[in-house]
Every structure is written in C-alpha cells, then in structure tokens.
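Just below is one structure, and these are the notes that go with it.
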Amino acid sequence: MTAQSNIYPTAALQATDAAHHLHPFSDMKSLNEEGSRIITGAEGVWLQDSDGKRMMDGMAGLWCVQVGHGRKEIAEAVSRQMEELAYYNTFFKTTHPPAVALSEKLAQLAPDHMNRVFYCSSGSEANDTVFRMVRHYWDQIGQPAKKTIIGRWNGYHGSTLAGTSLGGMKAMHEQGDLPVPGVRHINQPYWFGEGGDLSPEEFGIKVARELETAIDQLGEDTVGAFIAEPIQGAGGVIIPPESYWPEIRRILSERNILFAADEVICGFGRLGTWFGSDYYGLKPDLMPIAKGLTSGYLPMGGVMVSDRVAEGLVDKGGEFYHGYTYSGHPVCAAAALASLDIIEREGLVDRVANDIGPYLRERWLKLNDHPLVGEARMTGLVGALELVPDKTNRHKTFPDTGTVGTICRDISFENGLVMRAVRDSMIISPPLVLSREEADFLIEAVVKTLDETHHA
Ligand code: PXG
C-alpha cells in the first residue's frame, strides 16, 4: 500500500459524514459526537485510516473479504466486464455469459444435490427470497398450508422484513412489531451462555429437540422450513456442541419440512470447507449465500436450490413472481468468478482446513489461560473469546452487558487490530489469506488488548 498518510482532512470528512450520512446499526447521536473512523485504503489483511494508522482487518471487512483487500485480478475482471456489458437484466427470457458461468461454477462447488441458483444483491435479499421460495414451493406441490418457518433466537438472517423476522434478534424485533406472522423461534445451541449445568453434549441434544417439539406443536402440515446458520456469526460465533447438528439432521430426516442453511458467513471457505453444510454434513434444500461470494468487492447474493426444490420451482411449471433488477448482475458475477478463481487457485479452503486455520486455532485456544477469558473457541478461521468477571464461574456475567466488550474493542483498535464485540465476547473472522506472521501479530495484539482491558 502506498503510504498516503494525513492527506485526508479527517475532521472535515467526519463533520460532513455526521451531517448527512445515517450509518447502519449505529447510535447516530453518539457516533456524530465521537466522529467516524475513516478508512481510506486496504491491502491484504491491512487497513489504513485517514490519519495514516495501519490496522489488521481481523473481521475481513464484515466477514466477507475472503481473498484479502486490493486484489488486482478482481479489479481487472470487473473493469473488463464493465466495458463489455456493464448491465443487462436476467428477466424476460435473457441471460448473459457471466451469469451463466457463475451459475455453473456455483453448482460445481455446492453440495452435489444443489445445482441451481437464484441471484440477488445481499444476504438479506437472499433470505427474503428463501421466505418467498419456501411458500411458493409448497404451493406448487399442493401443500399450501405449510407456511410457517422456524428460526432461532439470536440467529441473524439480515435486516429486511423477512431477514429480521427469520432472525432472532429481539432488539431488532422490538423496533417495528416484528417478526411478521408465520415465523417461530427456538433456542440457540449456545452452551457457554445458556447451557446451565448440562454438559455441552446434553445441551446440544436438548436444544435440537426444541425443533422436534415446535414442529409437532405447530403441526407438521403447517411448517414449511427450518432456517439456521451452521455457525451463528453475528450472534457471537456460536459454535454448536458436537451433538447438535446430528440430532437436527435426525429430526429433519423424520419430518417433511425444508431446511435452509444460511451460508452467508460460513460459505466460501470460512470453516475450511466450501460451505458450512459440508463441514457439518448437512443436506440443505436452500442455501442463502452472499459476502464471500464476491469477497465483498461488489454486492451480490443468491439462494442455492436443491434438486428437490427445483422439482417444485422448475418441473411443475408456472412463474415465480420474484426477482430483482440486479439479479445476476454481470459485473458482480464477474467479480464473483474472479474471487472464486483466487480461492481455488491459491487453495484457500484447504489452507483454512490444514494450515493457517489449525495454526491460528492452536494459539487462539491458549487464550483460555487469560484471567479475563471464560472460553476461547474457533472453527476454521472464525473465533470468539467470552470475556468474564470470574473465570471459575461460567454463570457469572458482567453487570452491564456489553460495556467490557466495547472497551476491549476500542483498545484493540488502538493496538492495531480490528475485532468485533458481541455483548462481552470478542470476535475474529480474518481474511483467508492471513499469513503465519500475521496470525502471530493478531495473537500478540489480542494478548496486549486483553491485558490492558483487564487493568482498565
Ligand atoms: N445471513 C447471515 C448469516 C449474515 O451474517 C446476512 C444474512 C445479511 O446479509 P446482508 O448482505 O444483507 O448484510 C448476514 C449479514 C455484524 C454484521 O456486525 C453481520 C452481518 C451484516 C452486518 C453486520 O456481525 N451479517
């Protein structure tokens, strides 16, 4: 990265930003008082801000920059596609080469029984598509009563009406009378926070069986689908106990409902497999994807569809009245193809499984010894640290939830590492190109940050 420090008028940009820009998920009053951090450039796993400060991007942007920042191959592919065909739609019996090529590529990468994709521009739109597709599918095959979708408390599926509703973020539901009708929630497999005195394995079985109970209470003939992230991301990197997914798989195999695995974060190598579903041996009917699909270089999402669902959507005939102006956008598709090409060429998925993933995990799990850490967990390249007031007692939490997490996050920034705080846990999800030296830097920055937070 060329060092262009201090050529940006930070204060003036902050003032204009405060005057005109409403940020997502932000308390605008306090943000405007404090001033936004202005990111001006990025290369590999490193960010640079308007004051010339260099920081490691421990969150891969927002869980999406799989191939790292500043990849010329993507910029060039995008530029070429812009010149050739910057936009055309995929409605009204048309398509274009990038959409065709990407669809074929995704069908090749996805689990064997998933061979089709419906495009949109984000993970939220992907889950709105899931919502409508589930109902359309059951209508098509003559079971229109199967409308209810079961999600999980503290799951995250986006910010649109359907995304918010399927997700289980109570604070989001409270703003505007959500969820919409026809959505139910069961508990999440969050052993550290909610497992009580059960062992992780007992707890995994217990919460999985809530799915069985919910289906039976609602009546199997009224339930259309269950939606879940293989590992919950925004909810705090909730890695389920080992007993959880096998028990869910059993329940799904005995009940006739669809399963949507939300792969927006777990997809494209994050867990050391192409999809989280591969990691856990799941057999989804629908797979919402976004983020890592283009490594965040351009906005694109989609829903991968199983052959079973395609029977209802395709073979039965009839139009699905659903689609977006930018469904399959040629330039976004070109970015996706270029990013997937890098992931394949550089063997990034295998690297996460067998090289940098285990390397970072071994060091991350040692953080369990720190006096502030109740649990360190990591799968692939996504991890969390539970900060606690008393490491001998998992049930004790800080009195003002979120305060210590926020302090720790701010100290981490100062130490040159961007981590995300969820309540009082610290999250990392770095780019898949992270080197061993960079992993060492990350761990050192975390140790320093934990020490300083502990003494703050
Ligand atoms: N599903 C999952 C599993 C997600 O993590 C979405 C859907 C929605 O995607 P879009 O592209 O509409 O944002 C997400 C997004 C955070 C954070 O702070 C997480 C997400 C988005 C923004 C912030 O952890 N996840």
| Under 5 Å between amide H atoms, partner at least 5 residues away or on a different chain: which partners does Gln232 have, H built in plane at 1.01 Å? | Ile238
| query | Based on Cα positions only, what radius of gyration and what Dmax would you give for the chain, in angstroms? | reply | 22.0, 65
| query | Which value, in debye to the nearest 20, gives the size of the charge dipole of the range 73-345 about its Cα centre, when Lys and Arg are +1 and Asp and Glu are -1 at the Cβ? | reply | 360
| query | Nearest 20 debye, what's the magnitude of the dipole of the chain about its Cα centre given +1 on Lys and Arg Cβ and -1 on Asp and Glu Cβ? | reply | 460
| request: Would you please give the FRET efficiency between Arg184 and Ile141, computed as 1/(1 + (r/R0)^6) with r the Cβ-Cβ distance and R0 = 22 Å, to the nearest 0.05? | output: 0.50
| request: Kindly work out what percent of the DSSP beta bridges joining two residues of the chain are antiparallel, to the nearest 5. | output: 70
| note | Looking only at aspartates and glutamates whose Cα falls under 18 Å of Lys396's and that sit 8 or more positions away or on another chain, we get Glu194, Asp197, Asp369, Glu375, Glu386, Asp424
| remark: The FRET efficiency for Asn354 and Asp112, from their Cβ-Cβ distance with R0 = 25 Å and rounded to 0.05, is 0.65
| request: Kindly write out, for the range 59-64 in residue order, the coupling ³J(HN,Hα) from the Karplus curve 6.51 cos²θ - 1.76 cosθ + 1.60 (θ = phi - 60°), rounded to whole Hz, with x marking Gly and Pro. | output: 10, 6, x, 10, 6, 10
| Taking a label point 7 Å from the Cα of Arg249 along the Cα→Cβ vector, which residues of the range 332-355 have an amide N closer than 20 Å to it? | 353
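Could you work out the helix-only [θ] at 222 nm for the chain, with each DSSP H run of four or more residues adding -39,500 (n - 2.57) and the total divided by the number of residues, to the nearest 500 deg cm²/dmol?
Helix contribution divided over all residues of the chain: -12000 deg cm²/dmol.
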| message | Just to verify a number: FRET efficiency for Lys72 and Glu174, C-beta to C-beta distance, R0 = 35 Å, to 0.05? | response | 0.20
| request: Rank-order 40-48, 429-437 by packing density, defined as the average count of other C-beta atoms within 10 Å over each peptide's residues, highest first. | output: 429-437, 40-48
| In the range 94-210, with Lys and Arg counted as +1 and Asp and Glu as -1 at Cβ, which of these residues, Val207, Ser103, Ser122, has the Cα nearest the positive end of the dipole, that is, farthest along it? | Ser103
| remark: Counting sequence-distant residues (5 or more places) and residues on other chains, those with an amide H built under 5 Å from that of Thr40 are Gln48, Asp49, Ser50
| request: Could you run the Karplus curve 6.51 cos²θ - 1.76 cosθ + 1.60 with θ = phi - 60° over the range 202-218 and give me ³J(HN,Hα) per residue in whole Hz, x for Gly and Pro? | output: 4, 5, x, 5, 4, 6, 4, 5, 4, 5, 4, 4, 4, 4, 5, 5, 6
| said: Looking only at the range 73-345, where both bridge partners belong to it, what percent of the DSSP beta bridges are antiparallel (to the nearest 5)? | reply: 50
| note | Amide H proximity to Gly267 below 5 Å, modelled H, separation 5+ or other chain, gives Gly276
| query | How large is ³J(HN,Hα) for each residue in the range 148-159, as worked out from phi by the Karplus curve 6.51 cos²θ - 1.76 cosθ + 1.60 (θ = phi - 60°), to whole Hz, x for Gly and Pro? | reply | 6, 10, 9, x, 10, 4, 6, x, 10, 10, x, 10
| said: Give me the 1.4 Å probe accessible area per residue for the chain, excluding ligands and nucleic acids, in Å². | reply: 43
| query | So what are the range 73-345's ellipsoid semi-axes, whole angstrom, largest first, if each one is the square root of 5 times an eigenvalue of the alpha-carbon gyration tensor? | reply | 31, 21, 17
| said: Contact order normalised by length for the range 1-138, with contacts defined as Cα pairs under 8 Å and 6 or more residues apart; what percent is it? | reply: 14
| field | Furthest towards positive pole of dipole, Pro389, Asn187, Gly405, structure part the chain, Cβ charges | value | Asn187
| message | Among the listed pairs Lys206/Lys391; Lys291/Lys448; Lys206/Lys291; Lys366/Lys391; Lys391/Lys448, which have their C-alpha atoms separated by more than 20 angstrom in this model? | response | Lys206/Lys391; Lys291/Lys448; Lys206/Lys291
| field | Dipole of the chain, positive end: most advanced residue of Gly235, Leu348, Ile257 [Cβ charges, Cα centre] | value | Ile257
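The values are calculated or read from the model by the stated rules, or taken from the named source; none is laboratory data. The shown structure was predicted, so the numbers you read here are calculated from the model rather than taken from an experiment. Note that we place each Cβ from the backbone using ideal geometry, even for glycine, and neighbour counts take in every protein chain shown. SASA here: full protein model, heavy atoms, side chains in, ligands and nucleic acids out. Shrake-Rupley method; radii C 1.70, N 1.55, O 1.52, S 1.80 Å.
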